[in-house]
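Since the structure comes first, as structure tokens, the remarks are kept for the end.
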Amino acid sequence: MGAVYSSLSSTLDTFRQDLKRMEEIGFPLEASVLRREPKVKRIQEYAVEVTLDSNTAHPRLILSEDRKMVKCGDRLQMLPDNPERFDRVVCVLGQEAFSSGRYYWEVEVGGKTDWDLGVASQSINRKGKVEVTPSNGYWFLSLRDKNKYSVRTELPAELPQKIGVFLDYDKGQVSFFNVEAKQHIYTFMDSFSESVFPFFSPCSNKSGRNQGPLIISPLGLAS
């Protein structure tokens, strides 16, 4: 009985630690669990204001005036070819640079067949062909043709309408969530050596089949 008790105690401790981690990254827990863990912060408490950096936007991208929405146009715009601007990959970075701490933002993706969301390092190559891998400073989730994620995870029966992105810079963590279903999709675990920026790509509009925008959702910011 002593051995059984010891094993059960160890399992229970592990389970409690898992519950803490799950609640911290946003999984909904029953009220009874929340009462036992009253100091655990929910992921939404790390919400930050994110805006798009027009100086980095590929010339085909059209940004809203408040820089909260981006979509792909049919033709290139006449824009200065500054060093920060992507000239081949149809993407744009966020204005905000993160070099420590935890951050969370949400992006509306409903109606789109293709998109990319995540973070990118400050020193990434902006010109010509880009190999988008963590080793090259890119950590993002992609959807293609409405039926396949870029990472090995199950695609839900109903596509997410809104994606939550959580960054824990100090732990090297970038996590993605289906906001409506409150479900975790995927997490990158790595390490960062420089500032990272929010990364957005509405992808090409595919002759109108993917013309919907990416919209940064307003969130109640933590005090």
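The values are calculated or read from the model by the stated rules, or taken from the named source; none is laboratory data. In this text, all values refer to a predicted model and were calculated from it rather than measured experimentally. Here the Cβ positions follow ideal geometry from the backbone for every residue, glycine too, while neighbour counts run over all protein chains shown. We work out accessible area using only protein heavy atoms, side chains counted, and drop any ligands, DNA or RNA first. Shrake-Rupley method; radii C 1.70, N 1.55, O 1.52, S 1.80 Å.
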Worksheet item: For the range 76-167, which fully contained strands (runs of 3 or more DSSP E) count at least 1 residues that are buried (at least 19 other Cβ atoms within 10 Å of the Cβ) and hydroxyl-bearing (Ser, Thr, Tyr)?
Response: 102-108, 138-144
Response to the item:
Result of the Cβ filter at 7 Å on the range 131-152, keeping first residues that are under 19 Å from SER121 (Cβ atoms) and partners that are open to solvent by less than 20 Å² (accessible area, probe 1.4 Å) and among the charged types (D, E, K, R), at least 6 apart or interchain, is PHE140/ASP116; SER142/ASP116
Worksheet item: Of the residues that make up the range 181-202, is at least one in a loop (DSSP other than H, G, I, E, B), of a type in the set (Phe, Trp, Tyr), closer than 30 Å to PRO83 by Cα and touching a residue at least 60 places away in the same chain (Cβ under 8 Å)?
Response: yes
Practice prompt. Give the residues of the range 203-217 that are touching a residue at least 24 places away in the same chain (Cβ under 8 Å) and either more than 16 Å from PRO160 (Cβ to Cβ) or open to solvent by less than 30 Å² (accessible area, probe 1.4 Å) (or both), sorted by residue number.
Written response: CYS203, SER204, ASN205, LYS206, ARG209, ASN210, GLN211, GLY212, LEU214, ILE216, SER217
Response to the item:
Of the residues in the range 48-58, those that are farther than 20 Å from VAL174 by Cβ and surrounded by 17 or more Cβ atoms within 10 Å (Cβ to Cβ) come to ALA57, HIS58
